[in-house]
Amino acid sequence: MIFEKSVSAAAHASLAALLLITVTGCGESLAYSVPEKICDRKIEQDLLRPLLPKGEKFEAEQSFPEEGQSLCMVYIDGKNSFSITEYRDQKSFNAVEYAKNNPRNFHNPNKSDISENAVISDRSLISLNACPARSATKKYILDMSIDTPGEDQRTELESFAKSYLPTGMKHIGCLDK
């Protein structure tokens, strides 16, 4: 009889813990909405959403550190969560070698099919692309990074980058509008 009471008390405690975890988990949903445009670029919201953490507040801030450069920082609850850096009129380099020499930013790098000279890793992507509206020899570089800790999201990151690439290239002046 004492064993039955212990099992019953343990079962109630386990059920209470499960309910607490379930209720807590519900509170961690995406309370924010992802806008149709970030940093003056139209995006595929459904492709960006999986790259962002759970939270309450979405913000995007754009800056132009130098001529021909655009930096878009996405913040969730005030924390840097995702970044898109674009460079125009750049010299070409080997993206695979670059990734190998920067293991802190490119964990498990592999060639990406987003362009002929691109690398995807668990949480970063870099792609060098022709910039025909500007120069036959200079490149447009797209550099994206998931800036929060987490698992491998290369598939989701590459999908978002593919959808973003034409818009980014147009806005920075590499494709005719």
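Readers should treat all values here as calculations from the given coordinates under stated rules, not as data from a laboratory. As the structure is a computational prediction, the values presented were derived from the model and not from experiment. Here Cβ is always computed from backbone atoms with ideal geometry, including for glycine, and neighbour counts include all displayed protein chains.
Mind checking which aspartates and glutamates have their C-alpha under 16 Å from Lys100, skipping anything on the same chain fewer than 8 residues away?
Filter leaves Asp122, Asp143.
How do 57-67, 144-154 rank on mean C-beta neighbours within 10 Å, highest first?
So the peptides 57-67, 144-154, ranked by packing, come out 144-154, 57-67.
Among the listed pairs Lys57/Lys111; Lys42/Lys91; Lys54/Lys91; Lys91/Lys111, which are separated by more than 29 Å between their Cα atoms?
Pairs exceeding the cut-off: Lys57/Lys111; Lys54/Lys91.
Straight-line reach only, C-alpha to C-alpha below 20 angstrom: list the aspartates and glutamates that Lys139 could link to, leaving out same-chain residues fewer than 8 apart.
Partners within reach: Glu66, Glu67, Glu86, Asp89, Glu97, Asp113, Glu116, Glu158, Asp176.
Sequence-distant or interchain residues sharing an amide H contact under 5 Å with Ser81, placed H: which?
Residues meeting the amide H criterion: Val74, Tyr75, Ile76.
Grab the other residues whose beta carbon is less than 11 angstrom from that of Lys57, score K and R as +1, D and E as -1, and report the net.
Local net charge: -2.
Once you have all Cα-Cα distances for segment 87-141, histogram them in 5 Å bins from zero and send the whole-percent values.
Going out from 0 Å in 5 Å bins, segment 87-141 shows 4, 24, 27, 22, 14, 6, 2 percent.
In terms of the ratio Rg/(2.2 N^0.38 Å) built on C-alpha atoms, what value belongs to segment 17-169?
In units of the 2.2 N^0.38 Å rule of thumb, it is 1.12.
Using the Karplus curve 6.51 cos²θ - 1.76 cosθ + 1.60 with θ = phi - 60°, work out ³J(HN,Hα) for each residue of segment 70-84 in order, rounded to whole Hz, and write x for Gly and Pro.
Result, ordered by residue: 10, 10, 10, 10, 9, 10, 10, 6, x, 9, 4, 10, 7, 9, 10 Hz.
Using only the Cα atoms of segment 46-128, each taken as one equal point scatterer with no solvent, compute I(q) by the Debye sum, divide by I(0), and report log10 of the ratio at q = 0.13, 0.18, 0.19 Å⁻¹.
Summing over Cα pairs of segment 46-128 leads to -0.50, -0.92, -1.00.
In square nanometres and to one decimal, what's the mean projected area of the convex hull around the Cα atoms of segment 82-177?
5.6 nm²
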